[in-house]
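Please treat every number below as a calculation from the coordinates, not as lab data. None of these values were measured; they are calculated from a predicted model. No Cβ is skipped: glycine too gets one built from the backbone with ideal geometry, and neighbour counts run over all protein chains shown.
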2 protein chains.
Amino acid sequence: MKFTKNKADTAPLRDPVYIASAGAAADTSEEAVNATVGTLRDEDGNLVALKTVFDSYDEISRTAKASYASAIKGNPAYRKAVYEWVTPEEKPDLAHAVIASCGGTAAVYAAVTSLLDEGEILIIPETAWTTYRLIAETNNLRTLTYKMFDGERFTLRYIREALYSVMERQKKAVLVVNDPCHNPTGYSMSYEEWEELVSLLNEVSAQGPAALIDDIAYADYSFDTAHVHDYMRAWNGISDNVLMAAAFSCSKTLTSYGMRCGAAVLFAKNSEDLQDLENLMEKKARSIWSSAPNGVMDNFVRVTGEYRSAYLAEKQTYIDLLHRRSSLFLQEAKEAGLHLYPYREGFFITLREEDADRCRRIHEALMKKHIYTVLVSGGIRIGICSVPLEKIRGLAAKIKEAEDQIL
Amino acid sequence: MKFTKNKADTAPLRDPVYIASAGAAADTSEEAVNATVGTLRDEDGNLVALKTVFDSYDEISRTAKASYASAIKGNPAYRKAVYEWVTPEEKPDLAHAVIASCGGTAAVYAAVTSLLDEGEILIIPETAWTTYRLIAETNNLRTLTYKMFDGERFTLRYIREALYSVMERQKKAVLVVNDPCHNPTGYSMSYEEWEELVSLLNEVSAQGPAALIDDIAYADYSFDTAHVHDYMRAWNGISDNVLMAAAFSCSKTLTSYGMRCGAAVLFAKNSEDLQDLENLMEKKARSIWSSAPNGVMDNFVRVTGEYRSAYLAEKQTYIDLLHRRSSLFLQEAKEAGLHLYPYREGFFITLREEDADRCRRIHEALMKKHIYTVLVSGGIRIGICSVPLEKIRGLAAKIKEAEDQIL
């Protein structure tokens, strides 16, 4: 007897990260390198739980942790703190709204499913976190993917093609980008690239509403956090027909992956145009996660408020660590002659291999060398966020060896 | 510019509980009775955060709280503990699967949206928690409601009508019940009523798959917790064409409303028939909340394991308190001649008034008397879970006075 609905793919979930992690966990050899993990680990291989964050959390009362949020769309102080946190000092001159969510994924989910009707097309990066595609699939949306690079350079050419193609078909375009610190390439767009993207959205929006969902989950580990949100000033240039949504996550920002708190921050030229979307997303919130976790929302307000300087200093030590790890890997990769996507910053560096079969074989050859990575579309992801320096040293050369074994 | 999808109702959310609470919060007078709150409060009006639960939570490492769940469908130990917890000692002789979720709402959401296609009909109680309807609405499902009572007695007559009517139209029926401790009436079905319901599901399932989603959010405050899940033994009698799903929530069980953890527990005759649904719900999990909160899952395992007896003893003191509050209110309601739905146990007692206009006017008259309640379909909900005994004393008489003012 089939109980599931008709319009659904009931094939088992194959999450490449969880699958790769399982393989790595089974290899207990001394030389094993587990580069599958997408969470921040210190040089001893322990998950980082920032001291300032958890000192603050431990001070929050049991009653606050036990209690429902004061509002379905999130506690007012949290929504305000998130808005302040994810925008540059000079605020965008746009109407905005914030909806708290149970994690950053839920923020993307609620935005996508509020913008698109069943059967419509969501535009996502070809090389991307696989959950964007899953969100589309489980909601009977189709996807169209775009390449991000032309040779070694970032390009908007494929985004342009995708936007026009989708706009022509459905008179509406919804585009997902994951910037800064794109997972898995580590690319971050420049201010000029953002200006061009805004122009492009304006141009295409002459034919219908255009929405951009920017997944900013890794922004707080940019190598220049003081200016990481400056690109949002380019958002000021959007036309009336363009909506911008930032999907924020506490997972990385507060090293609180297991505490499921995030938010969608919506921007538009006119506040009336935001109201419908805010209403619908609030209903999504109530009907899915009911309310965001109260203690974690409180903690975000505290950490980015009274604990701010201690928190920023502590977090900076891990950004510095990411910098050292990535510099070492990039240097050795250059020496070894590895072909990488243009990494700028963030948790991941990705080997570029657009031949899917060859890519799969390299991935397997690496496992034979006790090197565990994540196979992504167009490459192999190395989670430098979780690999200590001593394991990064020599890694590029070993990868090159594995590559060279594959004809 | 309209950004939201076409098939969506973008009218603002009007959540009757949050609206009623706001009114109550604004009234600071000595005599004010706030019976709107649906969470457990002690005799001093403080939210209950069970000591055993939070003692245990505080012992969980920061790393465990920071960490992602070990599996998308939930940590194995949690899934096992939930299954043990929500089933009677003598286990149902059925295949089962457990999917952890970000709260009990999410468990209902994932089940409903995995079972029904857009445009199909969900069967829900007429007098019910309003979120069931919202889940349907935000997913473009229609609803058909059933009455639970014929005069003073519970009846399956309207459920039967609804099941056959829906089965005829879509060759599949999905029914939501909220038992035991139905919100808002406080009714709990007897074992015999459950046996009859199982027979009815079997009967109607001759025409197509029949699924029952049982929201058990309040089960752990039954007046007879030792036997509260015994009714599931009646589930043994389901046919191959029937699926049973229990939506579990840690919110009340662990007084952890603000920590968003729950689970869907699925039962069917054949494990192969469950697999598709489990696969689809796992994908829903990944694409919505990504993983359930790790520390809270750990805590559930601890509290129902090593802390079990201390926890049960502490929780029992609040069940006893609910018993005293409900007994007092029921006694005085009888003396005053209030017409109530047949309360058995749980957080809520509901005045019965099926004339919607009169009901609304009574609800308003109560506010003029500083008595704050929640207007529900077919009545007025009194949250005895949050009203201290001294405020319950005399409440029924005051309600009767207000009623008598309405012609």
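Side notes on the structure shown:
- Across the identical copies, the label point of residue A:313 (7 Å from Cα in the Cβ direction) is separated from its matches by 4.6 nm, in order from shortest.
- Backbone N under 19 Å from the residue B:46 label point (7 Å along Cα→Cβ), restricted to region A:287-311: A:295
- Label point distance in nm, residue A:317-residue A:206, each placed 7 Å from Cα along Cα→Cβ: 5.5
- For peptide B:64-74, the mean count of partner chain Cβ atoms within 10 Å of a residue's Cβ comes to 6.
- Length-normalised contact order for region A:277-351 - Cα pairs under 8 Å, 6+ apart - percent: 16
- Sequence-distant contacts, meaning Cα pairs under 8 Å at least 6 residues apart, place the relative contact order of chain A at 27 percent.
- Using every pair of distinct Cα positions in region A:60-303, the Kirkwood expression returns a hydrodynamic radius of 18.0 angstrom.
- Packing rank of A:392-402, B:284-294, where each peptide gets the mean count of other beta carbons within 10 Å, highest leading: B:284-294, A:392-402
- Cα gyration tensor, region A:172-221 - rounded (a/c under 1.5), prolate or oblate: prolate
- The same position residue A:225 in the other copies lies at 4.2 nm from this copy, comparing label points 7 Å beyond Cα toward the beta-carbon, shortest first.
- 5 Å binning of all Cα-Cα separations within region B:202-300, expressed as whole percents from 0 upward: 2, 11, 18, 20, 19, 15, 10, 3, 1
- Three-way shape call for region A:13-58 based on the alpha-carbon gyration tensor, with the a/c threshold at 1.5: oblate
- Shape analysis of region A:51-177 yields a ratio of the Cα radius of gyration to the Kirkwood radius, Rg/Rh, of 1.06.
- Averaging 1/r over every pair of different alpha carbons in the protein assembly as shown and inverting the result gives a Kirkwood radius of 27.7 Å.
- Placing unit charges on each Cβ (+1 for Lys and Arg, -1 for Asp and Glu) gives region A:60-303 a dipole about its Cα centre, and among A:232, A:216, A:81 the Cα reaching farthest toward its positive end belongs to A:81.
- MRE, 222 nm, helices only [DSSP H, n ≥ 4, -39500 (n - 2.57), over chain B, to nearest 500]: -13000 deg cm²/dmol
- The chain A residue nearest the rotation axis shared with chain B, using its Cβ and rounding the distance to whole Å, is A:102, 2.
- Taking every residue in A:206-215 and counting other chain Cβ atoms within 10 Å of its Cβ, the average works out to 1.
- Copies compared at residue A:192 - label distances in nm, ascending, label defined 7 Å from Cα in the Cβ direction: 8.3
- Think of it this way: in chain B, B:181, B:359, B:385 stand alone, with no other Cys Cβ under 4.7 Å.
- DSSP beta bridges confined to region B:53-303 are antiparallel in about 45 percent of cases.
- Length-normalised contact order for region A:60-303 - Cα pairs under 8 Å, 6+ apart - percent: 32
- Separation of alpha-carbon centers, region A:68-100 and region B:267-290, rounded to whole Å: 34
- Using the Stokes-Einstein relation with a Kirkwood hydrodynamic radius computed over Cα pairs, the translational diffusion coefficient of chain B at 20 °C and a viscosity of 1.002 mPa s comes to 98 µm²/s.
- Listed residue (B:346, B:22, B:396) projecting farthest to the positive dipole end of chain B, Cβ model: B:22
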